[in-house]
Amino acid sequence: MLKPILDITNVNVALSVFGIFILSYGYISDWLQQVWYLGEALPAFLLGIIIGPVAANLVNVGDWNHDGVYHDIHELAYNLTRIVIAIQLVKVGYELPKQYQKQRAVEMTICLLPVMTIMWLCTTGCIMLVVPKISWVSAFIIGSCITCTDPLLSQAIAKGPFAENYVRRHLREFISSEAGGNDGLGFPFLLFAVALLRYDGTRANAISLSEMDHAEGIPDQLGAEEQGKYGGGLDTALKHWAIEGVLFMVMLGFSYGAIVGTLCRAILNWTVKRKWVDNESYLLVPLAMGIFIVGTCGCFGADETLACFAAGNALNWDGHFLTEIHLRHDSFNNILERFLNFAAFIFIGLIMPWDSLTNVSKIAEHGLTAGRLFALGFLVLAFRRIPAILISYRFMSKVCRDWKEALFMGYFGPIGIGAISSVEYARQLFPDPGESDDEINNLTSAMIPVVYWLVFFSIIVHGLSVPILHLIYKLRNVPKVQDDHPIEIVLLSNNEPLPTNSTVNPQRHSAILNNRFSRQDEDESEEETPATAECTGSSGGATTIEGIRRALSMHNPLQHYHNHSMNDSHHHHNIFQRARSSYDHHIHHNHNHNNRHDRISLHGSDVIEILQQQQHDNKQSPGIKPQSLSDSSRASLDMRPSSSRREVPRDMI
């Protein structure tokens, strides 16, 4: 008879810990985010450290089979980070308003060229001051890995509860867009520094480094596998950088991503109009695009991070995709984003190179003592990004109004998974530590500890800065951001927590949202203004369904709520501002307006019935009955006056 076998392996332990962490975080997620203002990155990262080899040693990625044979984890770290970043950048791109890069072309150019250059130089200077034994070119390479702001952590800041309460939408959108763009455009800085190290520093008349070595009686150790130094001088370095780095990797990656995104948008618009795409497949489009771009760019060597960001922007260039994804009740991409963040930051915590940071023999090689590491962390925090933003914010007045917003934008430029991906990529370009000359050996022994330490420092400091800043704002009674065009959404459950920076409307069982990040472009709504007159007739007149639809796209719920309390004669005409799909005119082209009611979607969360005004004339109770698009989730709502016998749940008051 078979007997039970105790199988405590890395796989089983990792899955168990990962599952219990997601459950535990989920049980108190709203409390952590709305009260303590903690995102998922810091708890997941700390968990990875706790269960990793440095602490409990429950999971060891290097010794995965528990056989004492340690495997190289650098390739695994690089591939995991590039997949997570790619999927995230597609989402960043399509969540921006339509043609956002065209609207903010000047501001994005300023941030991606002069500002990033200043950041690169300042970071390099900090590294040279603190890290011993490395050259200026080596410092340029390490500095380029941490110049870019992390796209994952930046999204948590730009879209988190604190930003929804206190940071204007224009600044939040720009922080999100800048993080997506500079993570891809950071490659030219890295490739330029690598080209200087690999091709410069040799006599101008030397064809290659090997010829120079043999002429001087030095065995060639550096070019056998196209790693290390080649020689050729500054001209050769600039040629390789311009052709291989800028034209091939960056420009080709950008063009490829824009083409893929445009083709996907065109095909998707064509198939959606014919109702060939179900909800599940529609919501999978960004994930499929991200995976496809990572795979194909990896095959021909282009920059997949910039390609994914360009593809996400191109996918929503006409604004249709974001509007339609709201109407189709998208929660899948947000769930996927959180799941990948959990997995990625737990993994980074697991593979932190504590041995290089604490082992005496390793410290003797790179010279990074504890004092130097903390000094480097604070110097990079203070001088990497803040001076560049404070210098340039006056030229970006559309997104950054004053020095306070510039300071916020400069301070919250975290270092995270993007830096891990860059340093693991750069690590592959050079021989292993101890297998080259002193300059490259010093670089390869210091680059991994420096970058991983700065990632650790940034996650801790920036993760704790948000709750501290919220406490300061609360003590100083800083007002929350109020929106000129708030959005009203239906709450489907009495147990559903209120969204951040929202006001509850108990009679309507709804919430009015201020400063919402991802929403329909306002320019599209402004075109509908003349059509609202069709819905403003007297209560005895017949109001068309098409007129109601136009009015809903422009109606200000706060103003309606005020008018409703002042005059009960206009019962629930213009109920909710909604995201109006570009396909509405196609779907309802042959619609019979003599029907009793029409269905329109509300903020991608419900389908509501709007009863025509004739019902009010027939003394029937006016109302709205929400019904979920899925049969498994239905909610009903009776919008009667306050004198109705319907009780308002206490948690909605």
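The values are calculated or read from the model by the stated rules, or taken from the named source; none is laboratory data. Just so it is clear, the structure is predicted and the values come from calculations on it, not from any experiment. Positions of Cβ are generated from backbone atoms using ideal geometry, with glycine treated the same way; all protein chains shown enter the neighbour counts.
Here is how the numbers come out for the structure above:
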| item | result |
| --- | --- |
| Candidates LEU350, LEU336, filtered to the one that is closer than 29 Å to GLN33 by Cα, crowded, with 20+ Cβ neighbours inside 10 Å and not basic (Lys, Arg) | LEU350 |
| Inter-residue pairs, beta-carbon under 6 Å, first in a helix (DSSP H, G or I) and in region 242-253, second surrounded by 15 or more Cβ atoms within 10 Å (Cβ to Cβ) and charged (D, E, K, R), 6+ apart | MET249/ASP303; VAL250/ASP303; GLY253/ASP303 |
| Long-range neighbours under 7 Å by Cβ, at least six apart or interchain, first residue in contact (Cβ under 8 Å) with a residue 12 or more places away in the chain and over 15 Å from ARG172 (Cβ atoms) within region 88-114, second of a type in the set (Ser, Thr, Tyr) and surrounded by fewer than 21 Cβ atoms within 10 Å (Cβ to Cβ) | ILE110/SER392; PRO114/SER392 |
| Counted residues, region 46-105 - those being at positive phi and not assigned by TED's automatic domain parsing to the domain that holds SER154 | 3 |
| Breaking point among (1) modelled with pLDDT under 95; (2) part of a helix (DSSP H, G or I); (3) among the polar types (S, T, N, Q), for THR124 | (1) |
| Contacts under 9 angstrom Cβ, first residue in region 286-300 being closer than 17 Å to VAL92 by Cα, partner surrounded by 13 or more Cβ atoms within 10 Å (Cβ to Cβ) and acidic (Asp, Glu), 6 or more apart | GLY290/GLU304; ILE293/GLU304; VAL294/GLU304 |
| Of all residues in region 221-257 being modelled with pLDDT under 50 and surrounded by 15 or more Cβ atoms within 10 Å (Cβ to Cβ), the one that is farthest from TYR425 (Cα to Cα) | GLN221 |
| Among the residues listed as ALA163, ALA156, ALA193, ALA179, the single one being among the small types (Gly, Ala, Ser), crowded, with 24+ Cβ neighbours inside 10 Å and over 21 Å from the mean Cα position of the chain (by Cα) | ALA193 |
| Selection within region 306-334 - modelled with pLDDT of 95 or more and under 30 Å from VAL59 (Cβ atoms) | CYS308 |
| Count - residues of region 383-397 that are closer than 15 Å to LEU113 by Cα, out of contact with any Gly (no Cβ under 9 Å at 6 or more places or on another chain) and not hydrophobic (A, V, I, L, M, F, W, C) | 1 |
| In region 351-394, residue farthest from ALA14 (Cα to Cα) [restricted to those that are part of a helix (DSSP H, G or I) and of a type in the set (Lys, Arg)] | ARG394 |
| Flag if PHE174 is touching a residue at least 24 places away in the same chain (Cβ under 8 Å), assigned to a helix (DSSP H, G or I) and either touching a Ser or Thr at 6+ places or on another chain (Cβ under 6 Å) or farther than 23 Å from SER518 by Cα (or both) | no |
| Residue within region 31-40 that is among the small types (Gly, Ala, Ser) and buried (at least 20 other Cβ atoms within 10 Å of the Cβ) present | yes |
| Failed item, numbered, when SER436 is tested on (1) farther than 27 Å from ALA193 by Cα; (2) at pLDDT below 90 | (1) |
| Spans of strands (runs of 3 or more DSSP E) in region 425-528 with at least 2 residues hydroxyl-bearing (Ser, Thr, Tyr) and surrounded by 15 or more Cβ atoms within 10 Å (Cβ to Cβ) | 502-505 |
| Options LEU381, LEU390, LEU376; residue that is surrounded by fewer than 22 Cβ atoms within 10 Å (Cβ to Cβ), in contact with a Cys (Cβ under 7 Å, 6 or more places away or on another chain) and assigned by TED's automatic domain parsing to the domain that holds PHE140 | LEU376 |
